[in-house]
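The values are calculated or read from the model by the stated rules, or taken from the named source; none is laboratory data. The structure displayed is predicted, hence computed values, not measured ones. So basically every Cβ, Gly included, is an ideal-geometry build from the backbone, and we count neighbours across all protein chains shown. We work out accessible area using only protein heavy atoms, side chains counted, and drop any ligands, DNA or RNA first. Shrake-Rupley method; radii C 1.70, N 1.55, O 1.52, S 1.80 Å.
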Amino acid sequence: VAALIKEGLTPDDFAARYGGEEFVVLVAGECMENIRERIEEIRRKVEAMQIEPMDGRRVTISIGLHLYHEEEDKECFFRIADAALYQAKHNGKNQTVMG
């Protein structure tokens, strides 16, 4: 999954593990529509991937997507993105929710 995330990023983007099964991806210099399309492509590729060590089963990812605003501090930014992530999980998983 990490390799697919990394593959979908540009040299200006940043991805890191953020907790046990969570990742944070920071994307700079693009409009939200382009970002959403790239993130959705990653989500679809993960969904299509078969994990051999898991007997070929598939995994899905839920995504909370938030556009940074200058008036937000780091805690506010991550709180909004995290709330969107949990909304995606609550809505049935395997989807992207905007925060």
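Any residue at all in region 63-73 that is hydroxyl-bearing (Ser, Thr, Tyr) and open to solvent by 50 Å² or more (accessible area, probe 1.4 Å)?
Looking through region 63-73, at least one residue is hydroxyl-bearing (Ser, Thr, Tyr) and open to solvent by 50 Å² or more (accessible area, probe 1.4 Å).
Using the structure shown, decide if residue 8 is surrounded by 14 or more Cβ atoms within 10 Å (Cβ to Cβ) and of a type outside the set (S, T, N, Q).
Judged against the criteria, residue 8 is a match.
Hey, can you tell me all the residues within region 48-78 that are more than 13 Å from the chain's Cα centre (by Cα) and part of a helix (DSSP H, G or I)? Steps first, please.
Residues of region 48-78 that are more than 13 Å from the chain's Cα centre (by Cα), as a first pass: 48-59, 68-77.
Within region 48-78, 48, 52, 53, 54, 74, 75, 76, 77 meet the criteria.
Could you tell me whether residue 98 is over 25 Å from residue 10 (Cα atoms), of a type outside the set (S, T, N, Q) and out of contact with any Phe, Trp or Tyr (no Cβ under 8 Å at 6 or more places or on another chain)? Reasoning before the result, please.
Details: over 25 Å from residue 10 (Cα atoms): no; of a type outside the set (S, T, N, Q): yes; out of contact with any Phe, Trp or Tyr (no Cβ under 8 Å at 6 or more places or on another chain): yes.
So residue 98 fails the test.
Between residues in region 27-54 that are at positive phi and residues that are of a type outside the set (A, V, I, L, M), which pairs lie under 8 Å by C-beta distance while being six or more apart or on different chains?
29/12
Only one of 99, 29 is small (Gly, Ala, Ser), touching a Gly at 6+ places or on another chain (Cβ under 7 Å) and at pLDDT below 95; which?
Values: 29 fails: touching a Gly at 6+ places or on another chain (Cβ under 7 Å).
Sole residue among the options that is small (Gly, Ala, Ser), touching a Gly at 6+ places or on another chain (Cβ under 7 Å) and at pLDDT below 95: 99.
Scan region 12-30 for residues that are open to solvent by 70 Å² or more (accessible area, probe 1.4 Å) and either touching a Pro at 6+ places or on another chain (Cβ under 9 Å) or part of a loop (DSSP other than H, G, I, E, B) (or both) and report the count.
4
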